[in-house]
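The values are calculated or read from the model by the stated rules, or taken from the named source; none is laboratory data. Just so it is clear, the model here is predicted, and its values are computed rather than measured. Ideal geometry is used to build each Cβ from the backbone, glycine not excepted, and the neighbour counts take in all protein chains shown.
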Amino acid sequence: MEVRAPAGVIAYEPADLTVTVGAGTSVLDLDSLLAEHGQMCPLDPRDSNATVGGLIAVGLSGVRRLRHGPVRDTVLEVRFVTADGRVVKGGGPTVKNVTGYDLPRLLVGSFGTLGVLVQMTLRCRPRPVAWQWASTTRPVDAVAASLFRPSSVLWDGENTFVLLEGFDRDIGVEARAAQLGPPCEAPALPNGTHRGRISVAPAALGSLRDALNDITGARWLAEWGVGTVHVAGDDPRVLVDARAAAARHGGWLLREAGGDEAFDGFGVALPNGELHRRIKEAFDPNGTCNPGRLPGPHPF
Amino acid sequence: MCFPDSAETIAAAVRVARRHGRPFVARGSGTGLAGGAVPVDDPVVIVTTRCNRVLDVDPVQRVAWVEPGVLNLDLSRTIRHLGLHYAPDPSSQAACSIGGNVATNAGGPHCLAYGVTAMHVLAVEVVLPDGSVTTLGGLEPDAPGYDLRGCFVGSEGTMGIATRIAVRLTPNPPEVATLLLDFTSVDDAAATVSGTIASGALPAALEMMDAKITRAVEDFVGAGYPRDAEAVLLVEVDGLADGVAEQVAAVSEIGKANGARHVRVAADDAERALLWKGRKSAFGAIARIAPDYYLHDAVVPRSKLLDVLRRVYAIADEHALTMMNVFHAGDGNLHPLIAYDRRQPGVWEHVYEAGTEILRTCIDAGGVLSGEHGVGLEKRDLMPLLFSPDDLDAQARLRDAFDPDGAANPEKVLPRGSRCGELTAERASIGDKSCPLSTHALWWCRSVGEHIGKLAVGRPRSATGSWKCARPRA
């Protein structure tokens, strides 16, 4: 059954730096509203049609993660419908909270396998006064080391693209210190019929570069300091080879789009499989929530 | 009680406990305020104070692996020469352990800008309640499947014990400015807090102290806090030069517009350290006012701060109690503190009742029961104020997935009756003003907790084995 979640902002108090929205709310609509008050939730979806609930259910963080943290750090409270039809609240609406177990973090990235997200409260941040992308061909590690709190450092193996956010003069000082080129457009994430994202320890990115460059037809862009690598190609072999390269470097590849029929979404068994199995059974004993989405035997 | 000195011996202690059919409770430095580490149900107490090694520091990737007993401030001291620090900085950071910080998802003044412990823990090796050892999370940005690391952080020892922890290290900011603003009314100080947050500035820390605590601290530390102020704000902004200058100007202006008498900007690191010493010594300074204190930890939406503060003072007046407030104003994380003398007959009942009323006030204002100390034993039976039976049932399901036998830190966090089908008689008593956890029980927990804390410090290392396990005397 296809589920369409309620859309719209339910509560927004700018002085609290929190916003509560229906899961079906468009991320871009939310961003426009927050911008009017000089705030933001740095969700940064790749697709302009993304909804807040969808983005949180898949747990995909945006390219400013280096500075603003993963999407799971943004979610303070969730409401979701359980497999047996109850509405459950987890977390709390304040920026700090250790009252009970962290159900929001459990739900972020659970791909709808534990219930259906209907509403969430998110942490907002002040919107930066100024921002600027710039690029350089200097070694990426030296560039990154010379910057204080860059918002994003993207690397294609040769070129480094840096996003600086903050106050005007600081951005200029930082850009000069890192010997960045003139301001440029934000680099496009690699596109193609077949897309995936690699997760590896950031220290492995340097050696992963050669492996990715050896894959015919692979286009890729890495988030330096984070360990996410966006990979795309026009042939499904690209994802197969990129997944193998990721595995050799201690990581894994999540399929985002395409891949041939045999290509699994995760390509790895879930770590701590027994814990995963028990959590899934506790929330969805009959396996009705998005069956088959997570790897492994029944009940996923 | 036992005192393992490594990840392996912590795991062994859990297995011994389970083999003998005993539950277990992990204990770090014992600085938590909610009784989270207090033994209930005759458990084996596993004290992590001897597991205090920083195992590995990677200054390039800015990651450190530490044992759970490493003290929070010791980690930052160890990496200071690298220009790095560990950002979560609870006021007890000189005494509290990273393992305990993980258990309570601890905060601290600087989590306003830098975030709480959960945002700084990348991976955690744990011994699960069945005695098996595994790693949750990892150094890669995302793990396949559920965020088990995220579930574990803040679970107050009820999902197992952290044996090794990978934490993110934060580069020291190039510029730091610390401001002290003083006011002739608490209202003006609170308005300055709201105005600062609403202006788009996000200070690294934004702390408030009221008149009584300011005087006590000044007498104790001599930091130059104005003794005649009704409230002071300690504000820190950090980052790059231009941003710091702009934010110092903005905070000063907002403060003056709201009636700040003086805005003092610390001239150097020594003055900064002195101002912070005042704030972080606040709880020690209370001994100058009364021998005992009961400190609360609740969070309210920032826009409700002023209303809630007024009500908190009124509650104290109604009970004729000495109320002080020293807290993380920027986050809305209140720490109402009642100073009293336990030898005074009948006072404890008033202290406890006033505390419960304060928590209810915070919940009514849209707040939560705990910002950084957790639910533990103290607030367990207040959970239904915030969560419905279905909400609590969902939390119980998550806990039971980690600990099907209920062996890890039993009787904490979730009230009895949380699980679907359990007797809910206890929950019925929440509707009225009486709390099911008796005053006597709470008093007992605190006393035992303090006692065990002292024992842990003085315990000698075993000459033969690497850890000792002794059955507590009945």
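The rows are residues; the columns are (1) among the charged types (D, E, K, R); (2) in contact (Cβ under 8 Å) with a residue 60 or more places away in the chain; (3) under 23 Å from residue A:163 (Cβ atoms).
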site: A:181; (1), (2), (3): no, no, yes
site: A:203; (1), (2), (3): no, no, yes
site: A:214; (1), (2), (3): yes, no, no
site: A:218; (1), (2), (3): no, no, no
site: A:234; (1), (2), (3): yes, no, no
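From A:99, A:113, A:121, grab the single residue that is at the interface with chain B (Cβ under 9 Å from one of its Cβ atoms), touching a residue at least 40 places away in the same chain (Cβ under 8 Å) and over 22 Å from residue A:224 (Cβ atoms). From the options A:99, A:113, A:121, the qualifying one is A:113. A single entry from B:218, B:207 fulfils the requirement of being within 14 Å of chain A (Cβ to nearest Cβ) and under 30 Å from residue B:286 (Cα atoms): B:207.
Checking each residue in the stretch B:39-76 for being at pLDDT 95 or above, aliphatic (A, V, I, L, M) and farther than 23 Å from residue B:168 by Cα picks out B:44, B:45, B:46, B:47.
Over 24 Å from the mean Cα position of the chain (by Cα), of a type in the set (A, V, I, L, M, F, W, C), assigned to a strand (DSSP E or B) and not assigned by TED's automatic domain parsing to the domain that holds residue B:103: which single residue out of B:206, B:234, B:181 fits that description?
Checking each option against the conditions leaves just B:181.
Among the numbered conditions (1) out of contact with any strand residue (DSSP E or B) (no Cβ under 8 Å at 6 or more places or on another chain); (2) of a type outside the set (Asp, Glu); (3) within 19 Å of residue A:119 (Cβ to Cβ); (4) touching a residue at least 40 places away in the same chain (Cβ under 8 Å), the only one that residue A:52 does not meet is (1). Buried (at least 22 other Cβ atoms within 10 Å of the Cβ), under 19 Å from residue B:121 (Cα atoms) and not aliphatic (A, V, I, L, M), is that true of residue B:99? In short, yes. Looking at the stretch B:364-384, which of its residues are closer than 12 Å to residue B:414 by Cα and more than 7 Å from chain A (Cβ to nearest Cβ)? The answer is B:376, B:377, B:378, B:379, B:380, B:381, B:382, B:384.
Go through the residues of the stretch A:64-80 one by one and say whether even a single one is of a type in the set (Val, Ile, Thr), outside any loop (DSSP other than H, G, I, E, B) and over 11 Å from the mean Cα position of the chain (by Cα). Yes, some residue in the stretch A:64-80 is of a type in the set (Val, Ile, Thr), outside any loop (DSSP other than H, G, I, E, B) and over 11 Å from the mean Cα position of the chain (by Cα). Screening residue A:44 on (1) crowded, with 18+ Cβ neighbours inside 10 Å; (2) outside any loop (DSSP other than H, G, I, E, B); (3) away from chain B (no Cβ under 12 Å) shows it passes everything except condition (2).
Write out, first by first residue and then by second, each pair whose Cβ atoms fall under 6 Å of each other, whose residues are 6+ apart or on separate chains, and whose first residue, in the stretch B:307-335, is more than 26 Å from residue B:110 (Cα to Cα) while the second is of a type in the set (Asp, Glu). Correct list of pairs: B:315/B:357.
Residue A:204 - would you say it is of a type in the set (A, V, I, L, M, F, W, C) and within 14 Å of another protein chain (Cβ to nearest Cβ)? Judged against the criteria, residue A:204 is a match.
Looking only at the stretch B:133-161, residues that are within 9 Å of another protein chain (Cβ to nearest Cβ), closer than 20 Å to residue B:46 by Cβ and part of a loop (DSSP other than H, G, I, E, B) come to 6 in all.
Can you name the number of the only condition in (1) surrounded by fewer than 21 Cβ atoms within 10 Å (Cβ to Cβ); (2) on the phi > 0 side of the Ramachandran plot that residue A:146 fails? The one condition residue A:146 does not meet is (2). The condition of being part of a loop (DSSP other than H, G, I, E, B) and at pLDDT below 95 holds for residue B:371. Screening A:85, A:91, A:54 for residues that are within 12 Å of chain B (Cβ to nearest Cβ) and surrounded by 18 or more Cβ atoms within 10 Å (Cβ to Cβ) leaves exactly one candidate, A:91. Considering only the stretch B:65-90, state which residues are within 24 Å of residue B:282 (Cα to Cα), in a loop (DSSP other than H, G, I, E, B) and of a type in the set (Gly, Ala, Ser). B:87, the sole residue that qualifies. Does residue B:34 count as under 30 Å from residue A:153 (Cα atoms) and either of a type in the set (Phe, Trp, Tyr) or part of a loop (DSSP other than H, G, I, E, B) (or both)? Taking the combined requirement at face value, the residue does not satisfy it. Return a yes/no flag: does the stretch B:262-283 have any residue that is part of a loop (DSSP other than H, G, I, E, B), within 17 Å of the chain's Cα centre (by Cα), surrounded by fewer than 22 Cβ atoms within 10 Å (Cβ to Cβ) and more than 14 Å from every other protein chain (Cβ to nearest Cβ). Scanning the stretch B:262-283 turns up at least one residue that is part of a loop (DSSP other than H, G, I, E, B), within 17 Å of the chain's Cα centre (by Cα), surrounded by fewer than 22 Cβ atoms within 10 Å (Cβ to Cβ) and more than 14 Å from every other protein chain (Cβ to nearest Cβ). For the stretch B:349-372, state whether one or more residues are acidic (Asp, Glu), buried (at least 18 other Cβ atoms within 10 Å of the Cβ) and under 21 Å from residue B:284 (Cβ atoms). Scanning the stretch B:349-372, I find at least one residue that is acidic (Asp, Glu), buried (at least 18 other Cβ atoms within 10 Å of the Cβ) and under 21 Å from residue B:284 (Cβ atoms), so the answer is yes.
Given the criteria β-branched (Val, Ile, Thr) and closer than 24 Å to residue A:117 by Cα, does residue A:228 qualify? Considered against the rule, which asks whether it is β-branched (Val, Ile, Thr) and closer than 24 Å to residue A:117 by Cα, residue A:228 comes out as no.
Can you find, within the stretch B:91-119, the residue that is farthest from residue B:12 (Cα to Cα) among those that are touching a Ser or Thr at 6+ places or on another chain (Cβ under 8 Å), assigned to a loop (DSSP other than H, G, I, E, B) and within 12 Å of chain A (Cβ to nearest Cβ)? Only one residue tops the list, namely B:109. When the criteria are applied in full, residue B:171 fails the requirement of being modelled with pLDDT under 95, closer than 23 Å to residue A:148 by Cβ and within 13 Å of chain A (Cβ to nearest Cβ).
Scanning the stretch A:28-35 for any residue that is farther than 16 Å from residue A:121 by Cβ, modelled with pLDDT under 95 and not in a strand (DSSP E or B) turns up nothing. Scanning the stretch A:209-228 for residues that are in contact with a strand residue (DSSP E or B) (Cβ under 7 Å, 6 or more places away or on another chain) and not aromatic (Phe, Trp, Tyr) yields A:212, A:217, A:218, A:219, A:221, A:222, A:223, A:225, A:227, A:228. Within the stretch A:157-188, the residues that satisfy the criterion of being part of a loop (DSSP other than H, G, I, E, B) and either of a type in the set (A, V, I, L, M, F, W, C) or surrounded by 19 or more Cβ atoms within 10 Å (Cβ to Cβ) (or both) are A:167, A:178, A:180, A:186, A:188. Of all residues in the stretch B:332-343, none are at pLDDT below 95, surrounded by fewer than 18 Cβ atoms within 10 Å (Cβ to Cβ) and within 14 Å of chain A (Cβ to nearest Cβ).
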